Structures are given as structure tokens and as C-alpha cells.
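Some notes on the structure that comes next.
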Amino acid sequence: MLFTILLAMVILSIVVLSRFTMHQGSQGRHYLNAGDAHHNKGEYEKAIADYTRAIGIDTHSAEAYCSRGNSYFEIGKYEHALADYSKAIELNPDLADAYYGRGYALLKKGEYDRGWADFDKAIALNN
């Protein structure tokens with residue numbers, strides 16, 4: 001009897017946790033989509049806030065880091081952009097957009113060799 005109760009509690013816990021995780025994922029996607037909408041309207045500060053919320057929900061979202069990097073780039077915060085692009089690459093080394101973004105940010109800082117190397121990597125990933 002005790003075993004059956006414990007087993008039921010474990011199963012219930014797994015179900016609740018999986019639903020919570022699915023809800024968290026959809027919330028993260030919501031903020032990512034909202035950030036994209038703000039970015040596309042040129043509302044970069046609002047986009048950064050939404051991407052930051054998405055990252056708070058899913059700290060392993062390379063897409064959210066890369067997107068936030070794009071918004072930072074647009075407002076001239078190249079150091080912030082570089083940090084986000086680098087984090088996106090750390091999380092997903094096959095994300096060509098992060099290499100493109102980081103390449104442009106490096107060029108803005110005058111780091112031409114590193115910037116062109118990132119462009120080469122992005123091109124290689126897209127082929």
C-alpha cells in the first residue's frame with residue numbers, strides 16, 4: 001500500500017513537472033516572438049527587455065541571446081552585442097547568425113581579423 005502511494009506521488013510529480021516545463025517553454029517563446037516584433041519596429045529597448053525575459057525563462061536559448069545581440073548592435077552597444085553573440089555561439093556552435101552578428105560587432109570595434117574569421121565561419125555553416 002505504501003509503495004503504491006509513493007509510486008503515485010512520483011508519477012504525479014513527473015506529470016506536474018513536465019507540464020510546468022512545457023508552460024515555461026511557451027512563455028519563453030512568447031517573449032522571443034514579442035522581442036522580434038519590437039525589433040522589427042525599431043523598438044530596440046523593448047526588444048532587449050523581451051529577449052531578457054526569454055533568457056530568464058530559458059537560459060540555454062541561443063536564439064534569444066543572438067536576437068538580443070542584434071538589438072544591442074542596433075543601438076550601438078557593441079560590447080553587449082559581442083557578449084550575447086558569444087554566448088549564443090557557446091550554446092549553439094552551429095548558429096551562423098551569431099557568427100555574422102559577432103563579425104559585424106567586431107568590425108565596428110576595429111577587430112577586422114576576428115570579424116572576418118567569424119564571417120568565414122558563418123559562410124561555412126551556411127554551405
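Every number in this text was worked out from the coordinates using simple rules, so none of it is lab data. Nothing here was measured: the structure is a model prediction, and the numbers come from that model. Heads up, the Cβs are rebuilt from the backbone with ideal geometry, glycines too, and the neighbour counts pull from every protein chain shown.
Tell me which of ALA96, HIS60, SER71 sits at the most positive position along the dipole axis of the range 27-127, charges placed on C-beta atoms (Lys, Arg +1; Asp, Glu -1).
Of the candidates, SER71 comes out farthest on the positive side.
Mind ordering 31-37, 76-82 by average Cβ neighbours within 10 Å, highest first?
Details: 31-37: 18.4, 76-82: 16.9.
Going by the mean number of other Cβ atoms within 10 Å, highest first, we get 31-37, 76-82.
Applying a 10 Å radius around every beta-carbon, put 100-106, 111-117 in order of their mean neighbour count, most first. List each step's numbers first, then the result.
On the way: 100-106: 23.9, 111-117: 13.7.
Those peptides, ordered most packed to least, come out 100-106, 111-117.
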